[in-house]
Amino acid sequence: MSAAPRCVWLDGRVVPAQEAKVSVFDRGFLFGDGVYEGLRAFGGRVVGEQLHIDRLKAGLAAIGVKGFDAEALPAMTRELLAAEGLEDAFIYWQITRGAPPPGLAARTRKASELRTFAPTVVGFATPQPSLEHCCAPAVKTAAVVEDPRWRRCDIKAISLLGAVLAGLEAAAQGAEDAILVRDSLVAEAQHANVVLAVDGAVVTPALDSVPMLAGVTRRLLLDACPEIVEQPVTVEQLRRADEIMLVGTTTMVTAVTALDGSPVPGAAGGAPGPVCRRLYDTLVEAIERDIARPVQEAAS
């Protein structure tokens, strides 16, 4: 389910999408100098809202962008959803270092000058299925791709060329997604974390094993399912796994049915395996609990 946004949040106000304009000298446009968050709302409530806020704060601090209060994200999101008339949606927020003030060049490297930039804030929302329609895991194929990205994958940076290149390589192999590996260790997929059922255990790559993003959906699933073990995961384990799952904001829990063209044993006939179905149901229950919290608790 997808539709072009009718409106866009731009620097403090909602405007018609066709009127949303950003300077060509914005450092996000020129240098990929910014961070983003992708949120999922069900019934108008954002899943893992405080986790997203905390990660956005950490990303802004890591790149040294000031002038945006991440705690304002819930109110901004509610206003954007209301403007679009959506309750079940994917919401994209992007904060860049911004365009240079008069008299400065966008390419400046001086910290004192960069601190004078005002961040550019852009957001939009697109429709997604309601939670009632999230009844079963999706399926897709994947290919193993050497991770071409930089080492600060813990920052949710807008410069996604590495993931784009990995996706193109996977597509050239006839796969729908790429599972990225570095130094023979599994990192993550293009836009999701990886979970395996292997050797009688359910495991996910530890965040400190290779560079990767701390996914919000990954965190929700780990909290709801203590059996999942965080550990370094080798490519060899990936290739002999009984089940391979991708976990993310829009992915939820998706079954990988084939890896590098070979069927995944636990996804017989191209259907999600038992571990995938159980984790999917566990995640849906965790989401139901999360969005049922009182508003003041969710925003605390």
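Quick note: the coordinates plus some simple rules give every number you see, no bench work behind them. Not measured: the values here are computed from a predicted model. Here the Cβ is made from the backbone with ideal geometry for all residues, glycine too, and neighbour counts use every protein chain on show.
Normalised by the number of residues in segment 139-288, the mean separation of alpha-carbon contacts (under 8 Å, six or more apart) gives a relative contact order of 25 percent. Calculate I(q)/I(0) for segment 62-156 by the Debye formula, one identical point scatterer on each C-alpha and no solvent, and give its log10 at q = 0.10, 0.18, 0.19 Å⁻¹ to two decimals. With no solvent term, the Cα-only Debye profile gives -0.49, -1.03, -1.05. Each Lys and Arg Cβ is given +1 and each Asp and Glu Cβ -1; about its Cα centre, the chain then shows a dipole of about 1040 debye. Helices in the chain that qualify as membrane-span-like (whole DSSP H runs, Cα extent of at least 15 Å along the helix axis, mean Kyte-Doolittle hydropathy of -0.5 or higher) are 49-63, 73-84, 161-172, 274-291. Stokes-Einstein, applied to the Kirkwood radius of segment 7-129 over Cα pairs at a viscosity of 0.890 mPa s and 25 °C, places its translational diffusion at 164 µm² s⁻¹. Since only VAL210, VAL275, THR251 are under comparison, the one whose Cα sits farthest along the positive direction of the charge dipole of segment 200-300, derived from C-beta charges on Lys, Arg, Asp and Glu, is THR251. The orientation-averaged projection of the convex hull spanning the C-alpha atoms of the chain amounts to 15.9 square nanometres. Restriction of the trypsin sites (Lys or Arg not before Pro) in segment 98-149 to DSSP coil positions whose beta-carbon has at most 13 other beta-carbons within 10 angstrom yields ARG107, ARG109, LYS110, ARG115. Here the calculated FRET efficiency for ASP281 and ALA62, from their Cβ-Cβ distance with R0 = 30 Å, stands at 0.30, rounded to the nearest 0.05. Shown is the FRET efficiency for ASP223 and ALA271, computed with R0 = 22 Å from the Cβ-Cβ distance and rounded to the nearest 0.05: 0.20. In whole angstrom, segment 233-290 maps to an equivalent ellipsoid with semi-axes of 23, 12, 9, each derived as √(5λ) from the alpha carbon gyration tensor and ordered largest first. The slack between SER130 and LEU30, meaning 0.36 nm per residue of separation minus the straight C-alpha distance, is 32.3 nm. From its DSSP helices (H runs of at least four residues, each -39,500 (n - 2.57)), the chain gives a residue-normalised ellipticity at 222 nm of -8000 deg cm²/dmol.
Calculate log10 I(q)/I(0) of segment 17-80 for q = 0.13, 0.14 Å⁻¹, where I(q) comes from the Debye formula with a single equal point scatterer on each Cα and nothing for solvent. These q points yield log10 I(q)/I(0) values of -0.44, -0.51. Taking the centroid of alpha carbons for each part, segment 74-119 and segment 196-255 are 32 Å apart. Under a 5 Å amide H cut-off, with hydrogens placed 1.01 Å from N, VAL233 pairs with VAL186, ALA206 among residues at least 5 apart or on other chains.
Kirkwood radius, segment 139-288, all distinct C-alpha pairs, inverse of mean reciprocal distance: 15.0 Å. Short-range pairs are left out: with C-alpha atoms under 8 Å and at least six residues apart, the relative contact order of the chain is 18 percent. One chain, two ends: ARG293 and ASP54. Fully extended at 0.36 nm per residue, the span grows by 84.2 nm beyond their Cα-Cα distance.
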